[in-house]
Amino acid sequence: MDTIEERVKKIIVAQTGMKLEYLTEYTLLDEDCNVQPDSIELTELGMALEEEFEIEDLDEIMKSSYRIRDLVSSITRELSKAEESK
């Protein structure tokens with residue numbers, strides 16, 4: 001099974017057309033992936049991540065995540081919260 005980071009990167013590739021080999025944990029979503037805050041691309045990326053990880057309302061996470069590393073950390077935290085509440 002893929003790690004959370006690998007899954008996030010695959011979704012970014014599918015949504016932006018970036019090449020997987022160019023994505024690292026330090027890749028900037030806005031500058032490197034051209035996913036600007038308050039853009040359609042950010043909304044679509046958030047929706048794809050919500051579907052993949054079965055997490056609702058990633059809007060605030062998406063707006064506050066600047067690097068892939070930030071996004072992975074936030075998703076990991078949300079998944080842990082969901083697991084604890086079961």
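Bear in mind these aren't lab numbers, they're just calculated from the coordinates by the rules spelled out. Since we're looking at a predicted model, the values are computed, not measured. A quick note on method: Cβ atoms are made from the backbone with ideal geometry, for glycine too, and the neighbour counts reach across all protein chains shown.
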Filtering the range 71-85 down to residues that are under 12 Å from the mean Cα position of the chain (by Cα) and polar (S, T, N, Q) yields Ser73, Ser74, Thr76
Across the range 5-42, the tally of residues that are part of a helix (DSSP H, G or I) and either aliphatic (A, V, I, L, M) or within 25 Å of Ser80 (Cβ to Cβ) (or both) stands at 14
Given (1) in contact with an Asp or Glu (Cβ under 6 Å, 6 or more places away or on another chain); (2) more than 18 Å from Ile4 (Cβ to Cβ); (3) of a type outside the set (A, V, I, L, M, F, W, C), Arg69 misses just (2)
Being outside any helix (DSSP H, G or I) and on the phi < 0 side of the Ramachandran plot narrows Asp57, Asp2 down to just Asp2
Exactly one of Asp70, Asp59 is surrounded by fewer than 15 Cβ atoms within 10 Å (Cβ to Cβ), of a type in the set (Asp, Glu) and without any contact (Cβ under 8 Å) to a residue 40 or more places away in the chain, and that residue is Asp59
When every residue in the range 24-41 that is touching a residue at least 12 places away in the same chain (Cβ under 8 Å) and either closer than 15 Å to Ile75 by Cβ or of a type in the set (Ser, Thr, Tyr) (or both) is compared, the one surrounded by the fewest Cβ atoms within 10 Å (Cβ to Cβ) is Tyr26
